[in-house]
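See structure below.
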Amino acid sequence: MEIDRRVGVAVDFSACSKKALKWALDNVVRDGDHLILVIVRPEGSYEDGERQLWATSGSPLIPVSEFSDPNIMKKYGVKPDPETLDIVNTAASQKQIVVVTKIYWGDAREKICEAIDNIPLSCLIIGNRGLGKIKRAILGSVSNYVVNNGSCPITVVKNVDNEH
């Protein structure tokens, strides 16, 4: 059994990312694990002082207590929704795990793959927004890209509630 497992979950505060987070906590995360929320924001939504430092490496690892503080998260240009905060705070208090967040800026596909290598992650859980065929052809599927290019085991959690 692997010690010091780092379980990553790609989080964008959408319904499918919350479903992926819940699935990870129910099915993958064990006592002693590190749960790492990987958030990717568009370029340039962070304060100037940290711009050069964070542009390539992403933010420092942010403990769950800071992730829950709106004033601290404003500095990173991230506004976690109450449901996501509730999920991670409950997990942090009920399970014997360490919950941290790492924020990257840029293209979600590339930055999630970077996170896998640089943190490094033992595995990654990512939601699938279920874009239609046309939108997927134009935008490209982040989960599809990560599955094909990521260097660790990746689980895609489908959000079947939104399928028509």
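The values are calculated or read from the model by the stated rules, or taken from the named source; none is laboratory data. All values derive from a computational prediction rather than experimental measurement. Note that we place each Cβ from the backbone using ideal geometry, even for glycine, and neighbour counts take in every protein chain shown.
Taking the criterion of being surrounded by 13 or more Cβ atoms within 10 Å (Cβ to Cβ), over 13 Å from the mean Cα position of the chain (by Cα) and not basic (Lys, Arg), the residues of region 88-103 that qualify are Asn89, Ala91, Ala92, Ile97, Val98.
Could you list all residues from region 6-38 that are among the charged types (D, E, K, R), modelled with pLDDT under 95 and farther than 17 Å from Thr90 by Cα? Result: Asp12, single match.
On inspection, Glu66 fails the criterion of being touching a residue at least 60 places away in the same chain (Cβ under 8 Å), more than 21 Å from Ile154 (Cα to Cα) and either over 12 Å from the mean Cα position of the chain (by Cα) or part of a loop (DSSP other than H, G, I, E, B) (or both). Would you check if Ala115 is small (Gly, Ala, Ser) and touching a Lys or Arg at 6+ places or on another chain (Cβ under 8 Å)? Considered against the rule, which asks whether it is small (Gly, Ala, Ser) and touching a Lys or Arg at 6+ places or on another chain (Cβ under 8 Å), Ala115 comes out as yes.
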